[in-house]
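In what follows, a single structure is set out as structure tokens and then discussed.
The values are calculated or read from the model by the stated rules, or taken from the named source; none is laboratory data. Just so you know, these numbers come straight off a predicted model, no measurement behind them. Note that we place each Cβ from the backbone using ideal geometry, even for glycine, and neighbour counts take in every protein chain shown. Surface accessibility is based on the protein's heavy atoms, side chains included, excluding ligands, DNA and RNA. Shrake-Rupley method; radii C 1.70, N 1.55, O 1.52, S 1.80 Å.
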Amino acid sequence: MSASEHGRAAASGEEYNPGPATIPRQAATVILLRGGGERLQVLLVRRTPRARFMGGVWVFPGGAVDAGEGDGEEAYRAAAIRELREEAAIELEDPSALAKFSRWITPAQVPIRFDTHFFLAPLPAGQEPRVDGEECVELGWFTPQAALEAHRAGTIALVFPTIRHLQQLGEFASAQLLLAHARGLEVRPVEPRLVVEGEVARLLLPGDPGY
């Protein structure tokens with residue numbers, strides 16, 4: 001990703017925090033898949049432009065873990081299923097059927113932080129997503145490449161974690177291949193670092209020069 005793309009992603013819903021790091025909230029996200037053994041598509045929903053945090057941005061359905069959803073992995077899976085139901089009207093019956101894909105922690109230099117567990121799930125047979133028109137106002141099925149191209153063209157707004165996930169998802173030709181890959185993954189946390197140089201903000205990943 002180029003420095004300019006890093007900067008646009010960092011500017012979406014993120015502000016610089018020069019003080020002590022905020023403790024991240026626990027959160028969960030579902031990357032809903034469509035296509036089976038054919039061409040992979042993923043669901044994105046657009047947050048209402050009125051939202052204080054990431055208003056108008058296209059994201060995978062997800063949100064913070066509620067206090068009553070338990071502890072550890074159980075809580076993340078419960079939150080993932082609840083958020084998918086609330087934001088996209090999709091009902092998943094079995095939390096254990098979610099395939100763990102990644103874990104991202106918001107940079108310490110950002111005031112609003114989340115420790116987010118990303119799960120994969122195929123679209124259940126006979127169900128179609130819909131938005132509530134309040135928290136989320138639009139939805140769309142995209143191939144990963146089409147979503148990235150729409151972002152570069154300025155048609156949709158994406159933030160850095162979504163961009164990086166779409167890049168990774170684009171390496172798989174179908175939902176079946178992606179799910180098979182995810183079942184063998186050892187998920188390790190990724191915590192980008194936000195670097196501000198003058199008026200330019202860049203997000204660096206572990207292994208990047210200057211991280």
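Per 0.36 nm of contour for each residue apart, how much would the distance between residue 108 and residue 132 grow if the chain were fully extended, relative to their Cα-Cα spacing? Show your work: numbers first, answer last.
Working: separation 24, 0.36 × 24 = 8.64 nm, distance 3.22 nm.
Between residue 108 and residue 132, full extension yields 5.4 nm more.
Length gained on full extension, residue 186 to residue 205, computed as 0.36 nm times the residue gap minus the Cα-Cα distance: 5.0 nm.
Comparing Cα centroids, the range 22-51 and the range 155-211 end up 13 angstrom apart. Per residue, the range 131-181 exposes 46 Å² of accessible surface when a 1.4 Å probe is rolled over the protein heavy atoms with every protein chain present.
Within the shell of other residues whose beta carbon sits under 10 angstrom from the beta carbon of residue 100, the net charge comes to +1, with Lys and Arg scored +1 and Asp and Glu -1.
Which one of 183, 193, 130 has the biggest mean-square fluctuation once the chain is modelled by GNM with Cα springs under 10 Å? The residue that fluctuates most here is 183. Of the beta bridges DSSP finds with both residues in the chain, what % are antiparallel, to the nearest 5? So the antiparallel bridges amount to about 70 percent of the total. Assuming a ≥ b ≥ c are the square roots of the Cα gyration tensor eigenvalues, decide whether the range 48-207 counts as rounded (a/c under 1.5), prolate (otherwise, with a/b larger than b/c) or oblate. Rounded, because the longest to shortest axis ratio a/c is under 1.5. With the helix formula -39500 (n - 2.57) applied to DSSP H stretches of n ≥ 4, the chain reaches a computed 222 nm mean residue ellipticity of -7500 deg cm²/dmol.
Its relative contact order, with pairs defined as Cα atoms under 8 Å and 6+ residues apart, puts the range 57-168 at 26 percent. Rolling a 1.4 angstrom probe over the chain with all protein chains present gives an accessible area of which 49% lies on carbon and sulfur atoms. Its Cα centre serving as origin, the chain has a Cβ charge dipole (Lys and Arg +1, Asp and Glu -1) of approximately 420 debye. For the range 124-211, the gyration tensor built on C-alpha atoms gives an oblate shape. Its axis ratio a/c (a ≥ b ≥ c) is at least 1.5, and a/b is not larger than b/c. Assign one of three labels to the range 85-163, namely rounded, prolate or oblate, based on the Cα gyration tensor with a ≥ b ≥ c the square roots of its eigenvalues; rounded applies when a/c is under 1.5, prolate when it is not and a/b is larger than b/c, and oblate otherwise. Note, shape of the range 85-163 comes out oblate. Most fluctuating residue of 67, 79, 121 in a GNM of the chain with Cα springs under 10 Å: which is it? Highest fluctuation among the options: 67.
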